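Below is one structure, written out as structure tokens, with a few remarks after it.
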Amino acid sequence: MSVKATVKTVDACRRTLQIEVPVAVLTDRREEVFRQIGRQAQIPGFRVGKAPLELVKERYQRQAEEELVHAVVPDAVEAALTQHQLEPVTRPRVTDVRYEPGKPMTLAVEVEVKPELKAKGYRGLKLKRPTRAVTEGDLERALRALQEQQAELVPVDGRAAIEGDYLFCDIICTVGDATVEQVQKQWLRASESVPSESGALWSGVIKQLIGAQAGQTVEHPVTLPANYRQAKWVGQSALLRVKVHEIKSKRLPAIDDELAKTMGRWQTLEELKGAIREELTARWASESSDAVRHDALLALIKAMRVEVPPSLVESELDAMVADTLARAREQGASEAQIKEQEPALRQRLQEPAADRVRLLFIIEAVARQEQLTLSEEEWQAKLVEIAGQTKRSAEEVEQWLEQQGLMSRLRWQMLERKVLDVVLREAQIEDVEQRPDAAASDAAGAAAVAASAVGQTGDAAR
């Protein structure tokens, strides 16, 4: 379609268009509309679709003019966008249509477009890569985690419960004569250090289990919290009664060759420690790689600061907020709490959402500059890789990805990895060794994960 169009730049990502559709174009399209109407027209004295065109024009003039506008507007917008080489990122918004028979049709259109971005500043980035070596302290924490996994609970006779003992209990919570909660056959661990905000209704009674005897009932007053699942009891004074049936203590195995043998394929403690060292080294190498890639993405955003389409940011923000609130629901947050949190959450996530959108255009710009594309061979290799992991065929994997709407996301992730490979290859990367005290808490967590992984390997070997 031939149209006249002028473009005005509002900002980096927004344009307004004034479009004029010539009378000659409208005349041709009107004739086409009349012919389409004529194929369905029911006019007395004629079979359906057989009435003379002039009679159809006389009977269906108003309908034809309405259909003409609906038919011409999208084509005119598309023609104007093509004429000015504009790539909309969302559906263009038509704000004004003016049309009178015998005169040109005019349109006013608002459109958001991709920002004009030239890849720059992505070579020679100065990045930091955290590194750390496995220490004897890390190995000790991992071994203690394995020791805990292999611990046994043994019955306690002739004494009261002490710190760390496990008590087999029945629990009942009452308000006056009414029972509001009851749990049977529940294991509780006696401890001085359980915080009252830990979540369980009976967390406050945990300390009182120290000194309890089998057969004894421990009582503890509580006030039912604001998020209690039965709203009518919220804020009520209640009484917890814990009936202790049995007490067991934890027996830890020695950290020696026998523990290694228990894990499966190791004969000595030194062999087991070697396996843990390898596991932790591999884990931290992977985390180090992830960290420097994340640092690279942040550096790219800083190097190529670009305005992004507001609608895309809003869409990304909606998704991030929805995901965060869904996790809050899974963790027990009430709808009232979620509604209260949402405004502050949207404000906090506004800039991270914008940065996510920025990365889309930055990665695209660098890929274009470096002439990086995702080949069909690379895509098929990825499908085969996933197929091997999921025990499906490559065709089934591709079909599933398409059904779930994940195909474009996976392709984008693969392209992003190729871009980051180029960026990192030319970056100035400084290895920064983490001090043991700076990574102590992380080391403890990593040790537990490593110990768990080693334990699973051992189970499989058995």
Within the stretch 67-79, track down each residue that is crowded, with 21+ Cβ neighbours inside 10 Å and within 13 Å of Pro22 (Cα to Cα). Val72, Ala76
Conditions first: (1) in contact (Cβ under 8 Å) with a residue 60 or more places away in the chain; (2) over 19 Å from the mean Cα position of the chain (by Cα); (3) within 22 Å of Lys114 (Cα to Cα). Ser334 passes all but one, so which condition is the exception? (3)
Just to be sure I understand, how many residues within the stretch 24-64 are loosely packed, with under 15 Cβ neighbours inside 10 Å and closer than 27 Å to Ser2 by Cβ? 12
Would you call Arg93 more than 30 Å from Val308 (Cα to Cα) and free of Cβ contacts under 8 Å to residues at least 40 places away in the same chain? no
Yes/no for Arg98 being at pLDDT 90 or above, out of contact with any strand residue (DSSP E or B) (no Cβ under 8 Å at 6 or more places or on another chain) and not β-branched (Val, Ile, Thr): no
Looking at Asp323, Asp421, can you tell me which residue is under 21 Å from Leu117 (Cβ atoms), surrounded by fewer than 16 Cβ atoms within 10 Å (Cβ to Cβ) and without any contact (Cβ under 8 Å) to a residue 24 or more places away in the chain? Asp421
Is it true that Arg346 is free of Cβ contacts under 8 Å to residues at least 40 places away in the same chain, buried (at least 16 other Cβ atoms within 10 Å of the Cβ) and either more than 30 Å from Lys128 (Cβ to Cβ) or more than 17 Å from the chain's Cα centre (by Cα) (or both)? yes
Quick check on the stretch 235-255: of everything there that is of a type in the set (Lys, Arg) and farther than 11 Å from Phe168 by Cβ, which residue is surrounded by the fewest Cβ atoms within 10 Å (Cβ to Cβ)? Arg251
Tell me yes or no: at least one residue of the stretch 166-176 is modelled with pLDDT under 90 and out of contact with any Cys (no Cβ under 8 Å at 6 or more places or on another chain). no
Which condition from (1) free of Cβ contacts under 8 Å to residues at least 12 places away in the same chain; (2) more than 23 Å from Val97 (Cβ to Cβ); (3) of a type in the set (Gly, Ala, Ser) is the one that Ala51 breaks? (1)
Enumeration of residues in the stretch 28-69 that are among the β-branched types (Val, Ile, Thr) and farther than 21 Å from Gln83 by Cβ: Val33, Ile37, Ile43, Val48, Val56
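Yes/no per residue for (1) at pLDDT 95 or above; (2) farther than 23 Å from Asp295 by Cα; (3) under 22 Å from the mean Cα position of the chain (by Cα):
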| site | (1), (2), (3) |
| --- | --- |
| Thr390 | no, yes, yes |
| Gln403 | no, yes, yes |
| Ser408 | no, yes, yes |
| Gln413 | no, no, yes |
| Val422 | yes, no, no |
| Gln428 | yes, no, no |
| Val432 | no, no, no |
| Pro436 | no, no, no |
| Ala439 | no, no, no |
If Ala254 passes every condition in (1) touching a Lys or Arg at 6+ places or on another chain (Cβ under 6 Å); (2) under 30 Å from Leu143 (Cβ atoms); (3) not hydroxyl-bearing (Ser, Thr, Tyr) but one, which one does it miss? (1)
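The values are calculated or read from the model by the stated rules, or taken from the named source; none is laboratory data. Please read all numbers here as calculations on a predicted model, not as lab measurements. FYI the Cβ positions are ideal-geometry reconstructions off the backbone, even for glycines, and counts take in every protein chain you see.
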